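Enquirer: Here you go, one structure.
The values are calculated or read from the model by the stated rules, or taken from the named source; none is laboratory data. The shown structure was predicted, so the numbers you read here are calculated from the model rather than taken from an experiment. Every residue, glycine as well, gets a Cβ built from its backbone with ideal geometry; the counts of neighbours run over all protein chains shown. Note: accessible area is taken over every heavy atom of the protein model, side chains too, but ligands, DNA and RNA are not part of it. Shrake-Rupley method; radii C 1.70, N 1.55, O 1.52, S 1.80 Å.
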Amino acid sequence: MTMTDEELTGLIAARFGDGSLPAELAQVQRRGRQRRSRIRIATAAAVVLGLAGAAGLTAYGLDRHEKAEQVAAFNRSCQAAYTAEAARTGRAAQLPTTLGEPLLELRRGDARFRLYTSAPGPLRSMIFDCARSADGTVSGRVSYGPTTVPELGQPLVAYRDHLPDGTVAVVAQLRDPAEVLAVTPEGGGVQTAQRDGMAVVWGPREVLDEATLSVRDGSLDLARDVLAVTATFQEEEFDRYCRRTVDGRPELRGAARALTARYGDTWALQVYRAEGAIALCSWTNMADEPENGVSYDGPALGLGSATEAVPGSILASSDGQEWWLTGLTLPGTEQVEVVGEAGTRVQAQLGDGVYLARLPSAESHKTITMTTATTVHTFVNGKMTQRPR
């Protein structure tokens with residue numbers, strides 16, 4: 001209750017009558033005013049503190065909401081990347097449609113790397129990694145396996161991811177989930193995470209290019225050993241495979257890459273040319289053949305080569321649905337046309353002294369025509385005829 005000065009004076013007079021007071025009336029009135037002032041100040045301070053607390057709670061709530069939205073946006077981006085990559089395999093109907101919770105997640109500043117897995121069953125097994133660069137760019141790579149649990153033939157298998165921000169992630173599967181994966185050399189900004197027999201090693205490319213992964217019974221030399229291949233096409237890994245395989249064949253010593261080609265999500269090819277030799281390196285995502293009981297658990301890598309190659313000789317590769325034909329060209333060749341037995345005419349892609357053409361698998365080639373500035377050269381069964389252009 002708040003009293004005026006007059007009320008306070010009356011109360012004192014009523015209580016003490018004409019007795020002496022311990023203080024002058026002016027002092028009493030002054031103390032009353034000071035007390036009311038302190039009450040007003042305390043009340044105002046409480047209001048200010050209340051507002052500050054409310055503001056803090058609001059800021060905290062907004063921060064939590066913003067972080068939740070960032071996680072939700074990352075979830076959506078990973079799902080979209082997975083859906084797109086699953087479709088490119090041609091096996092989307094055999095794979096889970098939605099991602100669950102990530103098995104592993106690593107952070108490098110604002111960058112993130114997630115690993116998702118699904119067990120085999122009615123659908124194929126699946127491994128999917130989703131990476132978000134510091135600038136917000138999201139990308140993903142998918143691999144798939146059979147509908148039954150495969151038995152690993154070696155202590156660990158791994159594939160390598162070349163991420164858009166220049167880092168590299170190596171995803172390993174351990175035969176014994178109780179093993180602990182070691183990375184040599186240690187440090188160098190490399191992060192590792194492991195759970196349920198899966199492991200991720202993430203760090204700078206220059207470090208992981210030369211690193212070794214090991215468990216008690218085996219190891220993988222990332223610079224020299226052959227790694228698994230993801231169903232998502234990775235140009236860097238395809239280049240590594242082709243170059244390493246070509247260099248390992250004495251007949252192709254000194255071979256240079258003369259042509260590259262990509263045909264949808266089914267084929268990637270590189271043609272190499274050496275003195276008197278030619279090679280065709282291929283990444284092939286072959287379609288299953290359920291009517292013949294044929295099923296694939298990932299793309300196939302291969303390299304075919306021929307020695308004593310001359311213009312008119314052919315090196316061919318097929319996935320059962322189409323032929324890829326390559327060979328050497330004559331000096332000054334401006335155009336190469338391949339004609340099939342059924343009359344199909346295909347204009348070949350030209351490279352550095354080589355050509356590459358695609359024909360339906362049911363139709364073998366019949367003739368190859370190379371046109372220079374002055375002459376048309378036709379090859380039939382390796383024999384050449386020519387006429388002026």
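Enquirer: Residues 350, 359: which one is under 22 Å from residue 280 (Cβ atoms) and either at pLDDT below 95 or among the β-branched types (Val, Ile, Thr) (or both)?
Expert: 359
Enquirer: Next up: Working only within region 166-181, note down all residues that are surrounded by 14 or more Cβ atoms within 10 Å (Cβ to Cβ) and either among the acidic types (Asp, Glu) or more than 21 Å from the chain's Cα centre (by Cα) (or both).
Expert: Listed by number, the residues that qualify are 175, 179, 181.
Enquirer: Ok, one more. Taking only pairs six or more apart or across chains, which ones have beta-carbon atoms under 7 Å, a first residue in region 230-250 that is modelled with pLDDT of 95 or more and part of a helix (DSSP H, G or I), and a second residue that is of a type in the set (Phe, Trp, Tyr) and surrounded by 20 or more Cβ atoms within 10 Å (Cβ to Cβ)?
Expert: 238/283; 246/272
Enquirer: Please work out which residue is farthest from residue 141 (Cα to Cα), limiting yourself to region 203-247 and to residues that are touching a helix residue (DSSP H, G or I) at 6+ places or on another chain (Cβ under 9 Å), of a type in the set (A, V, I, L, M, F, W, C) and open to solvent by less than 40 Å² (accessible area, probe 1.4 Å).
Expert: Here the answer is 246.
Condition check ((1) touching a Lys or Arg at 6+ places or on another chain (Cβ under 9 Å); (2) open to solvent by less than 20 Å² (accessible area, probe 1.4 Å); (3) farther than 30 Å from residue 89 by Cα; (4) among the hydrophobic types (A, V, I, L, M, F, W, C)) across all residues:
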{"site": "312", "(1), (2), (3), (4)": "yes, yes, yes, no"}
{"site": "327", "(1), (2), (3), (4)": "no, yes, no, no"}
{"site": "331", "(1), (2), (3), (4)": "no, no, yes, no"}
{"site": "337", "(1), (2), (3), (4)": "yes, no, yes, no"}
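Enquirer: I'd like to verify a number: residues in region 85-130 that are closer than 20 Å to residue 164 by Cα and in a loop (DSSP other than H, G, I, E, B), how many?
Expert: 2
Enquirer: Just wondering, is there one or more residues in region 345-352 that are assigned to a loop (DSSP other than H, G, I, E, B), touching a residue at least 60 places away in the same chain (Cβ under 8 Å) and out of contact with any Pro (no Cβ under 6 Å at 6 or more places or on another chain)?
Expert: yes
Enquirer: Moving on to the next point. What are the residues in region 281-310 that are open to solvent by 20 Å² or more (accessible area, probe 1.4 Å), in contact (Cβ under 8 Å) with a residue 24 or more places away in the chain and assigned to a strand (DSSP E or B), if any?
Expert: 289, 301, 303, 304, 305, 306, 307
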